[in-house]
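What follows is one structure encoded as structure tokens, with my remarks underneath.
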Amino acid sequence: MLAHLSVSNSFAQLSPEFYTRLQPRGLNNPSLLHVNSDVASLLGLDKTQTESDEFLQIMSGNAPLPGGVTLSAVYSGHQFGVWAGQLGDGRAHLLGAVAGHDSNGKPCDWELQLKGAGLTPYSRMGDGRAVLRSSVREYLASAAMVGLGIPTTLALCITQSDDPVYRETTETAAIVTRVAPSFVRFGSFEHWYANRRPDLLRELLNYVVSHFFADEVKVAQNDADLPAMVCGFLDSVVRRTALLMADWLCVGFCHGVMNTDNMSILGLTIDYGPYGFMDGFQANHICNHSDSEGRYAWNQQASVGLWNLYRLANCFVSLGVPQEELTQCLDRYESVFTDAFREKMIRKMGLVQWQDNDEQLLEQWWQMLHGQKADFTLSFRYLSEVMHDDSRFLGLFSDKPAAQQWLLQYKARIAGIEGNEQERVDGMNAVNPLYVLRNYLAEKAIWDAKRKNPSTIENLLTVLRNPFVEQAGMEQFAVLPPEWANEIAVSCSS
Ligand code: AMP
Ligand code: MG
């Protein structure tokens with residue numbers, strides 16, 4: 001039934017040092033928990049196909065993808081600021097790339113990767129498995145990002161089984177099928193730099209540029225053109241990463257493990273683990289309980305993005321690219337990030353155009369949210385209605401006089417804007433989501449999933465697909481979190 005798919009294997013055509021060909025170890029008695037029909041349609045898969053036993057067997061690691069070459073890739077990386085040496089796909093199997101189309105209908109190849117399908121040569125101390133809990137979290141977060149318009153790897157489906165997996169407690173195994181144009185990471189480049197293999201570094205660079213940056217960068221035909229190619233490529237990665245950081249910050253997202261092996265070379269959000277969409281705003285919020293120093297706190301992410309880019313850029317010194325040229329590319333990061341962040345904030349706050357005093361207004365906004373730990377998502381969302389009725393907005397703040405004081409300034413600023421009031425409100429609502437994947441909502445989906453019940457996943461995907469549009473009957477997904485949400489601890493254990 002899936003034999004008609006057009007499958008290619010460009011990564012498998014790289015030199016054998018890049019990966020190990022192997023078979024996944026599938027789940028026992030697997031069942032399909034959920035399929036994301038949006039992702040399926042990008043791959044040209046319809047319901048009869050995704051409901052087939054063949055689909056289940058492939059996605060649970062029990063049958064090969066017809067036409068695919070299964071492999072696990074090697075990479076290295078800096079973890080929590082320290083060089084960690086070789087890592088690699090410790091529990092990920094690349095099945096091949098399916099010809100499909102992107103969300104604009106343009107033809108493209110989508111790589112399919114099983115996460116949790118058994119040991120690989122890169123598993124180190126791990127068991128090659130992923131627990132249902134973390135699989136549901138990755139599955140939901142990928143869809144949430146798509147709905148928010150933030151670049152991300154996608155997730156096609158989750159298969160699950162009763163196979164035990166041992167973490168802090170005994171849990172059960174699941175596999176998420178991830179989908180992306182490529183899963184190459186900053187750490188994929190660092191690997192060849194660290195291993196003193198400029199030949200393989202260059203091979204990877206040529207591969208990535210020719211396959212994924214062809215619209216922006218020309219592949220160098222000779223050594224003289226190499227610095228221009230590297231700088232063109234690095235410029236693009238710098239820009240994508242800076243924009244991604246602005247995107248994350250503006251929805252209160254914390255990745256949690258921004259190690260260089262978890263940084264997509266395409267500027268996608270990748271490797272969802274102990275991530276979190278903030279409830280109450282704390283600028284220094286740490287979503288990952290294993291991150292004791294707060295290296296990856298919400299307000300550190302933009303600078304960590306740049307730190308990681310430095311690690312990437314440094315690799316190209318070994319290709320003879322002058323340091324100064326690399327530094328020039330990196331120097332552009334800050335302005336790309338700052339401009340994007342400011343532009344987004346103008347839209348989120350409904351300011352239409354930047355004015356001198358706005359700096360102060362925004363600074364006080366963040367201080368107020370932080371000081372009162374006000375709900376990130378609803379503070380922005382309810383701000384759109386304050387000219388008409390400020391009761392819901394003020395209801396989010398414990399120190400109401402302080403909030404009222406700020407609101408006076410804000411209202412005065414808005415009152416000075418010419419133009420249609422409804423347009424401004426609609427414009428704000430189009431960038432401030434009503435629904436986000438709060439930790440406690442993911443937790444509810446996990447409880448159900450453990451009972452093999454996908455209904456919460458289904459409902460969440462429905463609201464998260466259109467997070468900016470209020471949906472009838474979905475009020476429960478748009479409210480403040482319950483008390484127990486504070487107790488949810490997410491760590492690297494997955
Ligand atoms: P992470 O920071 O979670 O993306 O993982 C860092 C490295 O550990 C990657 O190389 C993963 O493939 C590997 N890894 C994480 N969990 C496991 C596991 N359960 N089994 C094998 N490898 C793992
Ligand atoms: Mg990872």
Out of Q405, Q364, sole residue that is over 32 Å from the mean Cα position of the chain (by Cα), open to solvent by 30 Å² or more (accessible area, probe 1.4 Å) and either among the polar types (S, T, N, Q) or closer than 17 Å to F281 by Cβ (or both): Q405
Subset of the stretch 67-100 (residues that are touching a His at 6+ places or on another chain (Cβ under 9 Å) and either among the hydroxyl-bearing types (S, T, Y) or open to solvent by 20 Å² or more (accessible area, probe 1.4 Å) (or both)): T70, S72, Y75, S76, A84, Q86
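Name the one entry in N284, N288 that is over 22 Å from Y75 (Cα atoms) and either within 14 Å of ligand 1 (Cβ to nearest atom) or at pLDDT below 95 (or both).
Numbers: N284 fails: either within 14 Å of ligand 1 (Cβ to nearest atom) or at pLDDT below 95 (or both).
Sole residue among the options that is over 22 Å from Y75 (Cα atoms) and either within 14 Å of ligand 1 (Cβ to nearest atom) or at pLDDT below 95 (or both): N288.
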Conditions (1) out of contact with any Pro (no Cβ under 8 Å at 6 or more places or on another chain); (2) more than 16 Å from ligand 2 (Cβ to nearest atom): number failed by G147: (1)
When residues of the stretch 257-281 are limited to those that are of a type outside the set (D, E, K, R) and within 10 Å of ligand 1 (Cβ to nearest atom), the one nearest to A214 (Cα to Cα): I270
Cβ-Cβ under 9 Å pairs, at least 6 apart or on other chains, the stretch 285-299 side at positive phi, far side surrounded by fewer than 19 Cβ atoms within 10 Å (Cβ to Cβ) and not hydrophobic (A, V, I, L, M, F, W, C): G294/N284
Single unsatisfied condition, F186 versus (1) within 16 Å of ligand 1 (Cβ to nearest atom); (2) closer than 18 Å to P30 by Cα; (3) buried (at least 24 other Cβ atoms within 10 Å of the Cβ): (2)
Residue among L200, L140, L132, L205 that is open to solvent by less than 40 Å² (accessible area, probe 1.4 Å), aliphatic (A, V, I, L, M) and within 30 Å of A430 (Cα to Cα): L140
Extreme residue, farthest from ligand 2 (Cβ to nearest atom), among residues of the stretch 89-144 that are free of Cβ contacts under 8 Å to residues at least 60 places away in the same chain and of a type in the set (G, A, S): G105
Total residues in the stretch 242-266, condition within 16 Å of ligand 2 (Cβ to nearest atom) and either hydroxyl-bearing (S, T, Y) or assigned to a loop (DSSP other than H, G, I, E, B) (or both): 10
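State whether the residues of the stretch 81-102 include one that is more than 26 Å from T20 (Cβ to Cβ) and among the basic types (K, R). Write out each step before concluding.
Within the stretch 81-102, the first condition is being more than 26 Å from T20 (Cβ to Cβ), and the residues that meet it are 81, 100-102.
After this cut, where a residue has to be among the basic types (K, R) as well, the list is none.
No, there is no match, as no residue in the stretch 81-102 is more than 26 Å from T20 (Cβ to Cβ) and among the basic types (K, R).
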Residues of the stretch 268-315 satisfying the condition of being surrounded by fewer than 17 Cβ atoms within 10 Å (Cβ to Cβ) and either of a type in the set (F, W, Y) or within 14 Å of the chain's Cα centre (by Cα) (or both): W307, Y310
Evaluation of G252 against (1) buried (at least 22 other Cβ atoms within 10 Å of the Cβ); (2) in contact with a Pro (Cβ under 7 Å, 6 or more places away or on another chain) (one fails), failing number: (2)
Within the stretch 74-142, strands (runs of 3 or more DSSP E) holding 3 or more residues that are more than 22 Å from the chain's Cα centre (by Cα) and more than 9 Å from ligand 1 (Cβ to nearest atom): 82-86
Given (1) closer than 22 Å to L14 by Cα; (2) buried (at least 19 other Cβ atoms within 10 Å of the Cβ); (3) out of contact with any Gly (no Cβ under 6 Å at 6 or more places or on another chain), index of the condition T260 fails: (3)
Flag for A63 being assigned to a strand (DSSP E or B) and open to solvent by less than 40 Å² (accessible area, probe 1.4 Å): no
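The values are calculated or read from the model by the stated rules, or taken from the named source; none is laboratory data. In this text, all values refer to a predicted model and were calculated from it rather than measured experimentally. Because the Cβ atoms are built from the backbone with ideal geometry, glycine has one as well, and the counts that use them run over all protein chains shown. Ligands, DNA and RNA are stripped out before the accessible areas are found, and what is left, the full protein with its side chains, is counted by its heavy atoms. Shrake-Rupley method; radii C 1.70, N 1.55, O 1.52, S 1.80 Å.
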